[in-house]
Amino acid sequence: METPLQARQLFRLDNEVLAFRFTATVSDRAGEAPQERLSGPGRLKLWLHAVGLDVPDVSSAELEDALVLREAIYRAGLAVAAARRPDPVDAAILNRVAAVGRSTSALDGNGLAVWKLGKGAPVPDALGVLAADAIHVLGGADRARIKACEGPGCAGLFLDGSRGANRRWCSMNTCGNRVKKARLAGK
């Protein structure tokens, strides 16, 4: 099993929106060979731990539920980025998963926000956090700032918080650098 240190090597964890960080568990979505990062239950457990949603174990069925949720979030995010309403099927998935989750937020002993997941259904609770985050951002006041990355092959979702709302890449450190390096190499 991978260690938490390896999570930073396996996953893109730099997106400020938790739900969009989850959709980034598939890399190069618009490329010729998208890469699935959640290749087994252990990988989902590792990703959940890396984002502060610790679960004791993940079953194969829970992994499948997570993948269905992830793709619903992604499709709904693309729709909102294109100024369209999400497909009702995707909205229903988000609403159902959010309603099932019974997590609570709390301050830990250091005054930091943490998620408390139920002992009886920690993975559904964690998925509920992701669905609720997606609902909040996709249906919130900043929905017009949701964009899909213009980096070659990426199409990752992000919330454009730039003053002029002219950000083009999910991350300057990855996609933005690739585009700029390609421009320099072409000159």
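Computed from the coordinates by the stated procedures, all read-outs in this text should not be read as laboratory data. All values derive from a computational prediction rather than experimental measurement. Glycine gets a Cβ as well: all are built from the backbone with ideal geometry, and neighbour counts include every protein chain shown.
So here's what we get for this one:
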| read-out | value |
| --- | --- |
| Integer Hz, Karplus 6.51/-1.76/1.60 couplings in order for region 16-32, x for Gly and Pro | 6, 9, 4, 4, 6, 4, 5, 5, 6, 6, 10, 9, 6, 3, 9, x, 6 |
| Cross-link partners of Lys119 among aspartates and glutamates (Cα-Cα below 17 Å; sequence separation of 8 or more within a chain) | Asp54, Asp57, Glu62 |
| Positive-end residue, region 1-127 charge dipole about Cα centroid, Cβ charges, pick of Ala81, Ala61, Ala7 | Ala81 |
| Amide H contacts under 5 Å for Ser171, placed H, 5+ residues apart | Gly176 |
| Sequence ranges 33-46, 10-23, ranked by mean other-Cβ count within 10 angstrom, highest first | 10-23, 33-46 |
| Kyte-Doolittle mean at least -0.5, axial Cα span of 15 Å or more - DSSP H helices of the chain | 60-81, 88-100, 122-138 |
| Cα centroid separation - region 87-122 against region 5-82, whole Å | 16 |
| Label of the coordinate-derived value, Rg and Dmax of the Cα atoms in Å, listed as (i) 22.6, 75; (ii) 40.1, 119; (iii) 16.7, 59 | (iii) |
| Label-to-label distance, nm, for residues given as Arg168 and Asp57 (7 Å Cα→Cβ offset) | 4.9 |
| Estimated 222 nm signal from helices in the chain, with DSSP H stretches of n ≥ 4 weighted -39500 (n - 2.57), rounded to 500 | -14000 deg cm²/dmol |
| Free-standing Cys, the chain [no other Cys Cβ under 4.7 Å] | Cys175 |
